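One structure is given below, encoded as structure tokens.
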């Protein structure tokens, strides 16, 4: 018996912060002080072993950050470890700002059917309030995902709007935008940090 299976537990889900670093500086980010701290492979492997020992029929692992795709090699290593040790027994998901989803990364996620939640506030005026200069990149991403990885886009991609006092007036237009791009799953996440109240830019 594998050491990872020696003792079982009832763990249902686990969220791991691969890094506190991020490539964006969103207006309402909860990380007021930036750092470049990243999780070591030893710590991550211990967390994965907890999931592999779970007696839950389908335990879940979610990658968070910062921006977890800044630690893509670590994430890939973790997924491959779970495949080797657990044979697909663990469901994997990712929470990302989407700006680092290049073609190779998208293919990796699609092949593994990794549930990918993209934090994106919608139409350009709304996204500009959050992270200026990112709308065009994310808009292209939606088009490319739908064209190149249609099944992954339809079944495993979701989009989350973080609602604040500054972007609430754009909500209906943003939903219409996502529907027009073919998105199947769009959610609203209420702001849980400071609300950057101020005039629209």
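List of remarks:
- Test result for residue 71, more than 20 Å from residue 146 (Cα to Cα), touching a residue at least 40 places away in the same chain (Cβ under 8 Å) and assigned to a helix (DSSP H, G or I): yes
- Test result for residue 64, modelled with pLDDT under 95, under 30 Å from residue 126 (Cβ atoms) and not in a loop (DSSP other than H, G, I, E, B): yes
- Here residue 122 fulfils each of the conditions (1) at pLDDT below 95; (2) surrounded by 21 or more Cβ atoms within 10 Å (Cβ to Cβ); (3) on the phi > 0 side of the Ramachandran plot apart from (1).
- You will find that of 116, 160, the residue that is touching a helix residue (DSSP H, G or I) at 6+ places or on another chain (Cβ under 6 Å), assigned to a strand (DSSP E or B) and either free of Cβ contacts under 8 Å to residues at least 60 places away in the same chain or buried (at least 21 other Cβ atoms within 10 Å of the Cβ) (or both) is 116 and no other.
- Here residue 100 passes the criteria (1) over 29 Å from residue 81 (Cα atoms); (2) in contact with a helix residue (DSSP H, G or I) (Cβ under 6 Å, 6 or more places away or on another chain); (3) in contact (Cβ under 8 Å) with a residue 24 or more places away in the chain except the one numbered (1).
- Any hit, the range 93-113, residues being part of a loop (DSSP other than H, G, I, E, B), surrounded by 15 or more Cβ atoms within 10 Å (Cβ to Cβ) and either modelled with pLDDT under 95 or in contact with a strand residue (DSSP E or B) (Cβ under 6 Å, 6 or more places away or on another chain) (or both): yes
- Residue among 27, 4 that is at pLDDT below 95, in a loop (DSSP other than H, G, I, E, B) and buried (at least 16 other Cβ atoms within 10 Å of the Cβ): 27
- Considering the conditions (1) more than 15 Å from residue 99 (Cβ to Cβ); (2) in contact (Cβ under 8 Å) with a residue 40 or more places away in the chain; (3) out of contact with any strand residue (DSSP E or B) (no Cβ under 6 Å at 6 or more places or on another chain); (4) surrounded by 19 or more Cβ atoms within 10 Å (Cβ to Cβ), residue 138 is excluded by exactly one of them, (1).
- Any hit, the range 142-150, residues being under 12 Å from residue 123 (Cα atoms) and either more than 17 Å from the chain's Cα centre (by Cα) or not in a loop (DSSP other than H, G, I, E, B) (or both): no
- Applying the condition of being touching a helix residue (DSSP H, G or I) at 6+ places or on another chain (Cβ under 9 Å) and outside any loop (DSSP other than H, G, I, E, B) to the range 79-92 and asking which residue is nearest to residue 15 (Cα to Cα) yields 92.
- Scope the range 174-187; condition touching a residue at least 24 places away in the same chain (Cβ under 8 Å) and exposed (fewer than 13 other Cβ atoms within 10 Å of the Cβ); matching residues: 187
- Within the set 166, 137, 151, the sole residue that is within 18 Å of residue 24 (Cβ to Cβ) and at pLDDT 95 or above turns out to be 137.
The values are calculated or read from the model by the stated rules, or taken from the named source; none is laboratory data. Quantities reported herein were computed from a predicted structural model and do not represent experimental measurements. Here the Cβ is made from the backbone with ideal geometry for all residues, glycine too, and neighbour counts use every protein chain on show.
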